[in-house]
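Q: Structure below; questions to follow.
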Amino acid sequence: MDGWGELLQIPAVKVPRHSRSLGQPTQKNISSLTFDTSHDLIWIGDSSGYLYSFYSLKLQPYVSCRAHKGPITQILSHKKGIVTLSGRAVRLGTIQGVSIYQITCSPEHGGLRCMSYTSNTQTELLVGGKASSTGCRIFKIDLVNGKLVGSIDYAHDLLYMDANLRYVVLGRADGCVDIFDPKSQKVVKTFRCHLASLSSMCVHDNLLLTTGYSLKKDRFVPDPLVNCFDLQSLTSRTPIAFPAGPTHIYLHPRVPNLALVASNMGQIHFVDIYNPTKLQIYQAELTSYITIFDLAASGDCFAFIDGMQSIHLWARIPNQIAPIPSFTVYSTPVDLPTVDRELIPLSNHLSFDSYMPPLNSLKLPHYEEMLLSAWPPEMVFQVGSLPKPIDYEILRSLESIQGFQVARYNKDKFGPRNVVTKYKKRQKLSMPKFISEQDDDDEMSEIEEDDRLMDEHQSGDIFSTTSTTDEVPNAFCLFRIAYSKFGVDDFDFGYYNKTAFSGLEADAGNTYTNSILQLYRFNPPLCNYILKTLAEDVAEDDLILVELGYLFDMMVKANGRHCAASNFQRIFSAIPEAQRLGLVTEDGRPYDAYGQRRLVQTFNRFILEKMSQDEQTLYKSTSSSRMNAITGIPTETAVFSSFCTLSQKRSTFFHSIDVNSLPPPSPTPSNLTILNYIEASMNKKVQHMITCDTCKRQHPIDASLRVEELPPDLILNIDLTDEQLNKVRFLDGWMVPEFYMTVSSTGSPILRTNIVAGSHVGVRKYKLAGYVAQITDRANRSHLVTITETSESSWCLFNDFLVTPIATEEVFNMSYWWKKPVIVVYRAVDTVSTFDYQCYKQGLNDSILYRDHFAKGTREGKAVEYELLTHDEAPQAGTMVAIDAEFVQLVPQEFEISFHKQKRLVKPKKLALGRISVLRCEGEKEGECFIDDYIVASEHIDDYITSFSGIEPGDLDPDKSKRTLVTLQTAYRKMWLLLNLGCIFVGHSLKGDFRMINIQVPLEQVRDTAELYYLKKERRKLSLKYLIYQVFQDNVQTGNHDSIEDAYSALRLYRKYLELVRTGQLESTLQRIYLEGQMSRFRIPQ
C-alpha cells in the first residue's frame, strides 16, 4: 500500500511535577493502546491505571482520568463508551471519562490479561488471564446489566482473546491457540502456532494470523514467519515470511487480503497474504523499540508506542479517492467540554472516603473562552506571537511586476520599516462619569478606566481637531457609548457636545448612515425641501422622505441635545431594496476601509433615489420636479457601434456623480484638483464586447455618458481606490473651497477655480458645503465623520454624538494619512442659503387627529377605548394633554461577566413602541382618551412585558389583534402634530416615553410629575403607583399596567401639584412622602 508516513510524534504520558516529592514512581509505562471504532480517538492506558485519549489527527488531549488502581492491560471500544481491563476488574465508562460501572472479577490475586466480546452485539464479555490467579476460569460478564454472570473452566494461561461471528479465539502463553465455541462452551480445535509464546494475534472473518517466539539459548527470539489459519475449515495455511522477525500483525479492515506486519525494531510491511511477494516496506525512525501497536478501524492510520513512551501516528498520504485520513469509517462527533451540558449521572457522587474520588465529576466553572488545555497543538507557541495581518490598504494595491506581487508602503501611516520603536504608553483622555455617579460626592466607583474609555486616544483635549504627533486627533477618534446598569440614558452625551447642534447616537443600528444624515441636515435647500413634506398627510408607512423630515425636525428642536435616529432606522431596515443592497448592517459586520466607503456611497445613491420616488408617491405626480430642481443632474447616455446600425441615446436624471475616473496626464501633476477628477467623471467613454440585438453578431460597442448641466446642490461620490486617494494627499489644494462653472460650445460644463476668460453669461459659482470623511487609525479601524458648514464661514465636525467647531484650514487639508474624502457636496451660491424650519406650517394637514387610519383597514369586533377629537376641540398652543406610552422588548440586554471585573452591560435591551394613549385635560370631557394607538409589530418580539405594558401576545399582530392597530408613522404623526400645535404634555417619567417615541419636546411643553414630585437631595424619583397611594390614598396598577389609567393618574397628580403650590404645602408634602417612603422602603402596604 503506497504513500504512508509518520504524521506526528508526541509524549504519550506526562509525569506530574510533584510526583517525586510525594514518593510516587516517576516512570509511567504505557500498558495498552487502541483506536476507538466510533470516534476519532486513540485510547492509552498506563501502568498506574490512568486512561488517556487523544482527539483527531492532531492528537489533541481529550480525556485523562484514573480508571483502575493497577496497570490497564487491555482497552476495548464499546457502543456506550470504553471498556478497560486491569488485573482485577473490568470498567465501563463514557468517552468523557465518567465511570458507568466497575466489576471486580479476581479480587485476591488479579492476573487478568485479556478480554473479548462473544458477538458483535457487544452484550457479553469474556475475561481471562493467568490460570493460577483466576482459579482456572474465564469470567463471563453481562455488559447490559453490569454483572458477573458466570465462568467457564479453562486451565491454561491466556495472553490474547479475539472473536469472529462463530468462534472465540484464545491465545495461550505457551504459543498455542484454542478455537472456542461459545455456544457449546468447548474448545473445538487447538493449533500449535509457536514453540515458546505468542507476541500478537489477529482474527478477521475466517482468517487467523499469529506471530510469536521460539526459545533459543534461553532467549525468546521472534519467529521469522507469520502463521496463517482458516477458521472455517480449521486448517493451517501457507505462512508468510518476515525475515526481520514479526511481533505485531494486523489485517486491513477494508482490504481483507492485505496484512500489516511490524517488527520490534520498526520495520513495517504491507503484504498480500495470497501473494507474499507483493509488498511495501517502510522503516520507522526509532531510538528504541516498538512495545505496543494498533491499526485504526478505517485502515487509514496506525499508531505504536516506543520504549521512550512516545506515541507515533502514521497515516496514508491523502489522494483524490480518499482525500482526508481518519480513524473510523463513519465517525461520531466528539462532545467538547461545555458549561451548558454536563453528562454526569446523579449516582456519580464525590466520595472522599474512597481511595481516589473521580475528579472528572467535578463541575466546570463558568467560562466564555476556550480553555488553554483544549487548544490544538498548532496554536501553542513557545516564544513569539502571531504576526499582525497585512493591512487591507497594502493588499488592495498589489501589482504584479515580473511575477512578483509588489505594493506601495505607506510610511506615514505605518512608520519607517525595519526600525525598532521604543514602546510609549499612551495616556488616556479623562472621560465623564455616568450621570448617576455625578450626583455623588464620593470618588468614582470601581469601574476601570478601560471600561469607560471607548478607545485609547492621545492625551489632551477631547475636542482637539489637530495633532502634533501625526496621530489621529482626539476629536476624530472612534467613540462608543458606555453603559451603566441604567442603560444608555445614564451616558453623559452632553460632555461631548457644547454646541447648539445635535449629534446622533451610535447604537441605533446602521450607524454609518449618521454621517450622511448630518451632511444633508445642514444643507439648506435639501433640508427645507425635506421639512416641507411634513405638511402633507402621510398614509404610507415606508416613506423615507417623510421620516427624514421628522428626524431633521427633531434635531432642530433638540437644540444641541443628542438624538437617536431609531424610527428612521426601523423604517429604513424594513425596505426590501435596502436589504438586497446589503445596506442593513445591524449585526455589526466589520468592513475594511474600501468596503466601508463603497457601503456609504451605495447608501447615498439609494437614499437620494428613494427620496425622488417618495416625492412622486407623496404628491401623486409622475416626476420628481422638486428634487430634480435641487440635486437633479441631466445626463445623456449614448450607445453606438461602427460595425452595424446600432445607435441609442437616452436622457435621464441622476442625483449624484460617481467620481471614479482619473484626469488625463498633466505636465504639472501637482496642480491637479478635485475639479479635474469631476470633469473626467462627467464625460466617460468605454468600449464593451457584446452580442448585438440589432445584427445578432458579436462586436464591440462604444458607450458614453455626458453630464449636460450641474444642479444647485452638486453631490459627489469619491469612488477612488486607496492608492489613488493616497496620491491625492500630496496634491496641495486638491479640495478647492470654491469654483466657477460655465458651459462649453459643445454643451459640456467647464469647471475652473477662477472665472473662465471670455465668459460673460452662464457663469455659476459653487462653494464647498460639506463632506463625509473616512478616518482610519493605525489599527486599521475605520469610521465616518461629517464636516459641514453650519453658518457663514463656520464649520463643525460631527463624529456621531461628538460635535465640535473646526478651523477652516483643517477643513480643506487632505494631506493626512488617516483622512479620506468619501462624499462631497458643493452648493451654488445663488441658491437658498438659509433654513426655514417652520416651512411645513404653511398648509399643515392635521386631519389625522380627527379620523381613524388603521393598519390593514378596519376590522370588525375591535375594542375601541377612545373618542376622537372634534374640530371644535382642535388643539391650540397651550392645550394640555395627558400622555403615556408602553413598550415591548425586541432584544434582551447582554452582559459581560469576567472573574477580574464587575458585571458590565455591553448591549442594552432593545425596546419598541407598543402603545400610545393621549387624554383630554380640559373641558367637559376631561380625562377621556382621544388617542389609543397600538403599533403594528414589524419585528420579532422577544418579550411583551405584559405586567408592565398591559400588551398581550397577539395585540400587535394585524392578523389576530382586536385592538386599534396603526403603523408607526401614523402614530408618530399624531404625536408630532400635537407637539407642533403647541400642546403641553402631562405625564410621569416622560423622558423615557419621549425617547421611545423618538421625539424631542421643548422643556416648556413638558409637565413631568416624576420631576415635579422630586427632592434632589433624596436622589430618588418616585413611582407613579407610590405617588398615587401617598397623595390620594388610592391604588393603581393593581393588575397589568394600562396606559390610559397611567395617563389619567399623572393628570390627577399634576392637578394636585398645582393645588399644593397654590397653598404652599408642596415642600412639606414631599418631605412627608419621602420620610414615609424610607420607613416602608417605598412599598405600598398590601
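Q: Can you pull out every residue in the stretch 774-791 that is under 15 Å from residue 522 (Cβ atoms) and touching a residue at least 12 places away in the same chain (Cβ under 8 Å)?
A: Within the stretch 774-791, the first condition is being under 15 Å from residue 522 (Cβ atoms), and the residues that meet it are 785-791.
Listed by number, the residues that qualify are 785, 786, 787, 788, 789, 790.
Q: While we're on this one: Residue under question is residue 1008, and the condition is that it be at pLDDT below 90 and touching a Leu at 6+ places or on another chain (Cβ under 9 Å); does it hold?
A: Values: at pLDDT below 90: no; touching a Leu at 6+ places or on another chain (Cβ under 9 Å): yes.
Spelling it out, it is not the case that residue 1008 is at pLDDT below 90 and touching a Leu at 6+ places or on another chain (Cβ under 9 Å).
Q: Check residue 639 against each of (1) open to solvent by 60 Å² or more (accessible area, probe 1.4 Å); (2) more than 25 Å from residue 573 (Cα to Cα) and name the one condition it does not meet.
A: (1)
Q: Confirm whether residue 816 is open to solvent by 30 Å² or more (accessible area, probe 1.4 Å), among the aromatic types (Phe, Trp, Tyr) and at negative phi. First the steps, then the outcome.
A: Working: open to solvent by 30 Å² or more (accessible area, probe 1.4 Å): yes; among the aromatic types (Phe, Trp, Tyr): yes; at negative phi: yes.
It is true that residue 816 is open to solvent by 30 Å² or more (accessible area, probe 1.4 Å), among the aromatic types (Phe, Trp, Tyr) and at negative phi.
Q: Another one. Take the conditions open to solvent by less than 50 Å² (accessible area, probe 1.4 Å), within 19 Å of residue 813 (Cβ to Cβ) and assigned to a loop (DSSP other than H, G, I, E, B) and apply them to residue 785. Does it pass? Full working, then the answer.
A: Working: open to solvent by less than 50 Å² (accessible area, probe 1.4 Å): yes; within 19 Å of residue 813 (Cβ to Cβ): yes; assigned to a loop (DSSP other than H, G, I, E, B): no.
Answer is no for this residue.
Q: Quick test of your reading of the structure: residue 909 fulfils all but one of (1) open to solvent by 60 Å² or more (accessible area, probe 1.4 Å); (2) touching a helix residue (DSSP H, G or I) at 6+ places or on another chain (Cβ under 9 Å). Name the failing condition by number.
A: Only one criterion is unmet by residue 909, namely (2).
Q: A further question follows. Mind listing whichever residues of the stretch 5-32 are modelled with pLDDT of 90 or more and open to solvent by less than 20 Å² (accessible area, probe 1.4 Å)?
A: 30, 32
Q: Mind checking which residues of the stretch 180-203 are assigned to a strand (DSSP E or B) and more than 16 Å from residue 233 (Cβ to Cβ)?
A: 180, 186, 187, 192, 197, 198, 199, 200, 201, 202
Q: So, one more: Answer yes if at least one residue in the stretch 731-748 is touching a helix residue (DSSP H, G or I) at 6+ places or on another chain (Cβ under 7 Å), open to solvent by 20 Å² or more (accessible area, probe 1.4 Å) and either part of a strand (DSSP E or B) or among the acidic types (Asp, Glu) (or both), and no otherwise.
A: There is at least one residue in the stretch 731-748 that is touching a helix residue (DSSP H, G or I) at 6+ places or on another chain (Cβ under 7 Å), open to solvent by 20 Å² or more (accessible area, probe 1.4 Å) and either part of a strand (DSSP E or B) or among the acidic types (Asp, Glu) (or both).
Q: Go through 205, 181, 218 for me and flag whichever is among the charged types (D, E, K, R) and under 59 Å from the mean Cα position of the chain (by Cα). Full working, then the answer.
A: Working: 181 fails: under 59 Å from the mean Cα position of the chain (by Cα); 218 fails: under 59 Å from the mean Cα position of the chain (by Cα).
Unique residue meeting the criteria: 205.
Q: Please specify each residue of the stretch 498-511 satisfying the condition of being at pLDDT 90 or above and either under 20 Å from residue 907 (Cβ atoms) or not in a loop (DSSP other than H, G, I, E, B) (or both).
A: Result: 504, single match.
Q: Answer yes if at least one residue in the stretch 653-662 is out of contact with any helix residue (DSSP H, G or I) (no Cβ under 6 Å at 6 or more places or on another chain), closer than 27 Å to residue 594 by Cα, surrounded by 14 or more Cβ atoms within 10 Å (Cβ to Cβ) and modelled with pLDDT under 85, and no otherwise.
A: Looking through the stretch 653-662, none of the residues is out of contact with any helix residue (DSSP H, G or I) (no Cβ under 6 Å at 6 or more places or on another chain), closer than 27 Å to residue 594 by Cα, surrounded by 14 or more Cβ atoms within 10 Å (Cβ to Cβ) and modelled with pLDDT under 85.
Q: Restricting to strands (runs of 3 or more DSSP E) lying wholly in the stretch 212-285: which have 1 or more residues that are open to solvent by less than 40 Å² (accessible area, probe 1.4 Å) and within 23 Å of residue 329 (Cα to Cα)?
A: Values: elements: 219-222, 225-230, 235-241, 248-251, 258-262, 267-272, 275-283.
Passing ranges, in order: 248-251, 258-262, 267-272.
Q: Taking residue 951, is it among the hydrophobic types (A, V, I, L, M, F, W, C), in contact with a helix residue (DSSP H, G or I) (Cβ under 8 Å, 6 or more places away or on another chain) and within 30 Å of residue 875 (Cα to Cα)? Show your work before the answer.
A: Numbers: among the hydrophobic types (A, V, I, L, M, F, W, C): yes; in contact with a helix residue (DSSP H, G or I) (Cβ under 8 Å, 6 or more places away or on another chain): no; within 30 Å of residue 875 (Cα to Cα): yes.
Criteria not met by residue 951.
Q: Also: Which one of these is among the hydroxyl-bearing types (Ser, Thr, Tyr) and out of contact with any helix residue (DSSP H, G or I) (no Cβ under 9 Å at 6 or more places or on another chain): 1048, 1054, 1074?
A: Numbers: 1054 fails: out of contact with any helix residue (DSSP H, G or I) (no Cβ under 9 Å at 6 or more places or on another chain); 1074 fails: out of contact with any helix residue (DSSP H, G or I) (no Cβ under 9 Å at 6 or more places or on another chain).
Residue meeting the stated conditions: 1048.
Q: I've got another one for you. Select from the stretch 955-970 the residues that are more than 24 Å from residue 568 (Cα to Cα) and at pLDDT below 85 and write down the one among them that is surrounded by the most Cβ atoms within 10 Å (Cβ to Cβ).
A: Step one: of the stretch 955-970, the residues more than 24 Å from residue 568 (Cα to Cα) are 959-963.
Pick out the ones that are also at pLDDT below 85 and you get 959-962.
Working: 959: 7, 960: 11, 961: 20, 962: 14.
The selected residue is 961.
Q: Shifting gears a bit: So which helices (runs of 4 or more DSSP H) are wholly in the stretch 532-647 and hold at least 3 residues that are of a type in the set (A, V, I, L, M, F, W, C) and under 32 Å from the mean Cα position of the chain (by Cα)? Steps first, answer last, please.
A: On the way: elements: 544-558, 566-573, 576-580, 593-619, 625-631.
Because the criterion is at least 3 residues that are of a type in the set (A, V, I, L, M, F, W, C) and under 32 Å from the mean Cα position of the chain (by Cα), the helices (runs of 4 or more DSSP H) in the stretch 532-647 that meet it are 544-558, 566-573, 593-619.
Q: How many of the residues in the stretch 971-1009 are of a type in the set (S, T, N, Q), within 39 Å of the chain's Cα centre (by Cα) and open to solvent by less than 20 Å² (accessible area, probe 1.4 Å)? Let's see the steps before the verdict.
A: Taking the stretch 971-1009 and keeping what is of a type in the set (S, T, N, Q), we get 980, 989, 998, 1000, 1005, 1009.
Still in the list and also within 39 Å of the chain's Cα centre (by Cα): 989, 998, 1000.
Of the ones still in play, those that are also open to solvent by less than 20 Å² (accessible area, probe 1.4 Å) are 998.
The total comes to 1.
Q: Only one of (1) open to solvent by less than 10 Å² (accessible area, probe 1.4 Å); (2) at pLDDT 90 or above; (3) out of contact with any Asp or Glu (no Cβ under 7 Å at 6 or more places or on another chain) is not met by residue 577, so which one is it?
A: Just one mismatch for residue 577, condition (1).
Q: Here are 176, 136: which of them is over 59 Å from the mean Cα position of the chain (by Cα) and more than 25 Å from residue 236 (Cβ to Cβ)?
A: On the way: 176 fails: more than 25 Å from residue 236 (Cβ to Cβ).
Exactly one of 176, 136 is over 59 Å from the mean Cα position of the chain (by Cα) and more than 25 Å from residue 236 (Cβ to Cβ), namely 136.
Q: Name the pairs whose Cβ atoms lie under 8 Å apart, with the first residue in the stretch 619-646 and under 22 Å from residue 711 (Cα atoms) and free of Cβ contacts under 8 Å to residues at least 40 places away in the same chain, the second open to solvent by less than 20 Å² (accessible area, probe 1.4 Å) and part of a loop (DSSP other than H, G, I, E, B), and 6 or more positions between them or separate chains?
A: 624/632
Q: OK, next. Please list, ordered by first then second residue, the pairs with beta carbon atoms under 9 Å, 6 or more apart or interchain, first in the stretch 182-208 and on the phi > 0 side of the Ramachandran plot and touching a residue at least 24 places away in the same chain (Cβ under 8 Å), second of a type in the set (A, V, I, L, M) and open to solvent by 70 Å² or more (accessible area, probe 1.4 Å).
A: Note: pairs meeting the criteria are 205/165.
Q: Which numbered condition in (1) in a loop (DSSP other than H, G, I, E, B); (2) open to solvent by less than 10 Å² (accessible area, probe 1.4 Å) is the only one that residue 126 fails?
A: Result: residue 126 fails condition (1) only.
Q: Also: Looking at the stretch 691-730, which of the residues that are closer than 19 Å to residue 661 by Cβ and of a type in the set (S, T, N, Q) is least open to solvent (accessible area, probe 1.4 Å)?
A: 717
Q: Mind checking which residues of the stretch 921-950 are touching a Ser or Thr at 6+ places or on another chain (Cβ under 9 Å), on the phi < 0 side of the Ramachandran plot and open to solvent by less than 20 Å² (accessible area, probe 1.4 Å)? I'd like the intermediate steps shown before the answer.
A: So the first thing to find is which residues in the stretch 921-950 are touching a Ser or Thr at 6+ places or on another chain (Cβ under 9 Å), and the list is 921-922, 929, 931-936, 938-939, 949-950.
Subset that is on the phi < 0 side of the Ramachandran plot: 921-922, 929, 931-936, 938-939, 949.
Within the stretch 921-950, 921, 929, 931, 932, 933, 934, 935, 949 meet the criteria.
This table checks each residue for (1) under 30 Å from residue 535 (Cβ atoms); (2) charged (D, E, K, R).
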{"site": "593", "(1), (2)": "no, no"}
{"site": "619", "(1), (2)": "yes, no"}
{"site": "636", "(1), (2)": "no, yes"}
{"site": "643", "(1), (2)": "no, no"}
{"site": "670", "(1), (2)": "no, no"}
{"site": "676", "(1), (2)": "no, no"}
{"site": "687", "(1), (2)": "no, no"}
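Q: Which ranges mark the strands (runs of 3 or more DSSP E) fully within the stretch 33-91 that have 3 or more residues being not hydrophobic (A, V, I, L, M, F, W, C)? Please lay out each step first, then the result.
A: On the way: elements: 41-46, 50-55, 60-66, 72-78, 81-86.
Those strands (runs of 3 or more DSSP E) span 50-55, 60-66, 72-78, 81-86.
Q: Going through the stretch 515-537 one residue at a time, which ones are open to solvent by 10 Å² or more (accessible area, probe 1.4 Å) and of a type outside the set (Phe, Trp, Tyr)? It would help to see each step written out before you state the result.
A: Applying the first criterion (open to solvent by 10 Å² or more (accessible area, probe 1.4 Å)) to the stretch 515-537 yields 521, 525, 528-529, 532, 536-537.
Once the filter is applied, which keeps residues that are open to solvent by 10 Å² or more (accessible area, probe 1.4 Å) and of a type outside the set (Phe, Trp, Tyr), the stretch 515-537 yields 521, 525, 528, 532, 536, 537.
The values are calculated or read from the model by the stated rules, or taken from the named source; none is laboratory data. Please read these numbers as outputs of a predicted model, since none were measured by experiment. Every residue, glycine as well, gets a Cβ built from its backbone with ideal geometry; the counts of neighbours run over all protein chains shown. SASA here: full protein model, heavy atoms, side chains in, ligands and nucleic acids out. Shrake-Rupley method; radii C 1.70, N 1.55, O 1.52, S 1.80 Å.
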